[in-house]
Amino acid sequence: MSIRIASVNKSFGKFSALRDIDLEIRPGELLALLGPSGSGKTTLLRIIAGLESPDDGPARIEFDGVDVTTQSAYERKAGFVFQHYALFQHMNVFENIAFGLRVRPKKVRPPEEAIAKRVHELLELIRLVPFAKRFPSQLSGGQRQRVALARALAIAPQILLLDEPFGALDARVRMELCQWLRAFHDETKITSLFVTHDQEEAFRLADRVVIFGEGRIRQIGTPEHVRTSPADDFVRNFLGFGEDMHPGAIV
Amino acid sequence: MSAVVPLTLAAAPARPASRSNAARTEPPLVRWTLIGLAVAFIVLLLIFPLLTIFHEAFSKGWAGLRTAYSDPGTLESIRLTLTVAAIAVPFNALFGLAAAWLITRFDFRGKRLLEVIIDLPIWISPVVGGLVFLLLFGRQGLFGPWLIDHGIKIAFALPGLVLGTVFVTFPYVARNLIPLMESLGRGEEEAAISLGARGWQVFLLITLPRVKWALLYGLVLCNARAMGEFGAVTVLAGNVRGLTSTMPLQVENLYNDYHMASAFALASLLTLLGIVTLILKTFIEWRTRRDLAAASAEIEESLPEPIPTP
């Protein structure tokens with residue numbers, strides 16, 4: 001699915017989180033929203049999911065050419081993976097993953113066996129079949145992250161939005177999940193956006209990188225392009241050129 | 001997500017194991033004096049009066065108790081108390097949930113003020129609360145004459161009882177839910193919405209299960225307060241015998257009529273209610289702590305199994 005974002009502004013009180021954001025995301029793309037904290041990248045992700053609404057004005061969000069600006073989050077059904085996973089603490093792994101199917105209106109709700117089958121497939125995908133009966137508090141950070149991913153995938157979303165998906169994990173698990181996500185994306189070609197403040201992660205994973213600074217998009221391009229020709233001083237500073245940036249080490 | 005601490009329920013920290021710490025231990029004389037004083041106070045001020053109530057209730061034996069509970073006024077007072085509680089408690093459950101939801105899930109002007117106002121009934125005397133409603137709905141009150149002209153009687157009638165009770169029990173549910181819901185945050189609710197859940201599904205499947213013990217705790221306290229309320233209902237409903245005399249008011253009526261055994265018999269029922277509440281409260285606290293302990297016993301990541309690439 002393609003996503004088009006036009007003229008999106010968002011302010012919280014006097015703080016302007018996003019200013020005049022225009023962005024087109026191609027079908028099947030894996031896009032990184034990169035920037036320092038407070039630069040507005042998470043806010044944009046939440047606006048795309050419908051968890052936050054843009055300020056009044058000409059703002060427009062389109063999924064595959066369809067205007068979804070006024071649709072609520074549950075209508076948009078974007079798969080969303082939260083920074084701290086936000087797993088349902090009172091449900092086990094199985095019920096967490098099944099949730100999105102269970103809450104469907106009766107007419108489109110799959111029968112119990114179909115739900116069980118789908119959850120089982122996802123458990124196999126994330127390699128947590130023996131953990132189906134465990135509660136989130138009984139899982140490690142990496143396992144929780146995978147459950148959060150499986151839960152988002154259960155509703156077969158057309159887009160996948162990931163907010164700092166690897167932020168809270170240690171380096172080893174992070175690396176593994178990164179590779180897994182890239183491979184998963186290559187396989188499924190779900191249009192995916194992920195937010196990160198880690199440029200290495202962004203450059204390693206993404207097809208294109210969008211660099212945010214102070215609520216504006218500073219540059220959009222492939223990792224190579226952004227690395228070799230930063231658009232302005234902000235991007236150059238953020239990427240740390242002239243300090244400890246070793247462009248060769250990233251590829 | 002980290003383990004969440006419901007502030008009202010489980011704020012008590014675990015007792016430090018300081019027995020072995022000699023520096024913190026007082027000399028035996030001081031220790032035993034303090035313990036002795038505490039025990040003396042508890043016996044004198046709590047246990048002894050409590051026993052007296054039951055002793056007096058049984059002063060005329062089972063027969064006396066039977067006589068006490070066959071008095072129509074007493075029976076009516078029990079029925080009335082149950083009726084009032086049955087209206088006031090669900091009302092406060094609804095109000096408490098709505099208020100907690102509003103305060104913890106939305107930002108609006110005057111939010112802090114609303115929180116303070118919800119607490120108001122705790123800080124002002126119930127008698128004052130009763131008086132205010134009397135000024136509004138009494139015969140000489142602001143809306144009283146109009147309401148009475150239209151056949152609606154609030155003061156010195158059941159609606160007055162309910163109003164007074166709702167007023168004094170107003171904060172219990174909301175106060176218990178607000179800190180918990182604040183610490184739980186919006187994360188899980190947002191996750192549910194992004195998975196396609198409607199508002200009511202989010203509430204029933206996500207929010208309610210997470211706050212159910214805090215809610216129950218609030219309801220138990222609310223119920224105990226509703227059944228025991230004296231001040232507000234006396235002023236507002238006037239202790240009209242057989243009409244607005246709830247159990248605590250009937251105890252006073254019996255006492256004033258020198259029906260000591262009957263008064264204490266009814267008082268013992270109220271006391272039992274208090275004891276049951278205490279047991280329930282303790283059980284709920286224990287449950288909540290257990291849930292908390294389970295939630296916070298996070299198994300730390302040792303070596304996660306490798307993930308296959310699809």
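The values are calculated or read from the model by the stated rules, or taken from the named source; none is laboratory data. Just so it is clear, the model here is predicted, and its values are computed rather than measured. Cβ coordinates were reconstructed from backbone atoms using ideal geometry, including for glycine residues, and neighbour counts include every protein chain displayed. For accessibility, only protein heavy atoms count, side chains too; no ligands or nucleic acids. Shrake-Rupley method; radii C 1.70, N 1.55, O 1.52, S 1.80 Å.
Here is how the numbers come out for the structure above:
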quantity: 222 nm mean residue ellipticity, helices alone, for chain B (DSSP H n ≥ 4; -39,500 (n - 2.57); rounded to 500); calculated: -22500 deg cm²/dmol
quantity: Estimated vicinal HN-Hα couplings, Hz - segment B:190-204 in sequence order (Karplus 6.51, -1.76, 1.60; Gly, Pro = x); calculated: 5, 4, 4, 5, 5, 8, x, 7, 7, x, 5, 5, 4, 5, 6
quantity: Degrees separating the helix A:171-188 axis from the principal Cα axis of chain A, which is the longest one; calculated: 80
quantity: Ranked order, B:Val235, B:Val39, A:Val235 - accessible area, probe 1.4 Å, largest first; calculated: B:Val39, B:Val235, A:Val235
quantity: Gain on full stretching of the segment that runs from B:Arg139 to B:Lys281 - 0.36 nm per residue minus C-alpha separation; calculated: 47.1 nm
quantity: Interface area, B with A, accessible, probe 1.4 Å, both sides summed, Å² nearest 100; calculated: 3400
quantity: Violating pairs (Cα-Cα greater than 32 angstrom) within the set A:Lys41/B:Lys111; B:Lys111/B:Lys281; A:Lys14/A:Lys189; A:Lys10/A:Lys117; calculated: A:Lys14/A:Lys189; A:Lys10/A:Lys117
quantity: GNM flexibility winner over chain A from A:Thr42, A:Thr222, A:Thr70 (Cα, springs under 10 Å); calculated: A:Thr70
quantity: Solvent-accessible surface (1.4 angstrom probe) belonging to A:Asp198, in square angstrom, nearest 10; calculated: 50
quantity: Solvent accessible area, Å² - B:Trp286, 1.4 Å probe, full protein context; calculated: 130
quantity: Where B:Lys212, A:Lys107, A:Lys41, B:Lys281 fall by accessible area, highest first, once all protein chains stay in place (1.4 Å); calculated: A:Lys107, B:Lys212, B:Lys281, A:Lys41
quantity: Area accessible to solvent at A:Met1, 1.4 Å probe radius, in Å²; calculated: 40
quantity: Carbon and sulfur %, accessible surface of the protein assembly as shown computed with the full protein complex present, 1.4 Å; calculated: 63
quantity: Per-selection Rg to Rh, segment A:64-130 - Cα, Kirkwood hydrodynamic radius; calculated: 1.01
quantity: Highest-fluctuation residue, B:Glu188, B:Glu229, B:Glu252 considered, GNM on chain B with Cα pairs under 10 Å; calculated: B:Glu188
quantity: Heavy-atom SASA rank of A:Ser140, A:Ser16 (probe 1.4 Å, accessible area, largest first); calculated: A:Ser16, A:Ser140
quantity: Probe 1.4 Å, protein heavy atoms only - accessible area per residue of segment B:72-302 in square angstrom; calculated: 48
quantity: Residue-averaged [θ]222 nm for chain A, counting only DSSP H segments that reach four residues, each worth -39500 (n - 2.57); calculated: -10500 deg cm²/dmol
quantity: Rg(Cα) / (2.2 N^0.38 Å) computed for the protein assembly as shown, rounded to two decimals; calculated: 1.28
quantity: Max mean-square fluctuation residue, GNM over chain A, Cα-Cα springs under 10 Å, options A:Leu169, A:Leu44, A:Leu149; calculated: A:Leu169
quantity: For segment B:72-302: relative contact order, % (alpha-carbon pairs under 8 angstrom, 6 or more apart); calculated: 29
quantity: Anisotropy class of segment B:72-302 from Cα gyration tensor, a/c 1.5 cut; calculated: oblate
quantity: Inter-site label distance for B:Arg105 and A:Glu200 at 7 Å from Cα along Cβ, in nm; calculated: 4.2
quantity: Added length on full extension, which subtracts the Cα-Cα distance from 0.36 nm per residue, B:Val43 to B:Leu120; calculated: 24.4 nm
quantity: Under the Debye formula (equal points on every Cα, no solvent term), log10 I(q)/I(0) of chain A at q = 0.10, 0.11, 0.15, 0.18 Å⁻¹; calculated: -0.50, -0.61, -1.09, -1.45
quantity: Nearest 10 degrees, 0 to 90: helix A:93-102 Cα axis against chain A principal axis; calculated: 90
quantity: Relative contact order (%) - chain A, alpha-carbon pairs under 8 angstrom, separation at least six; calculated: 27
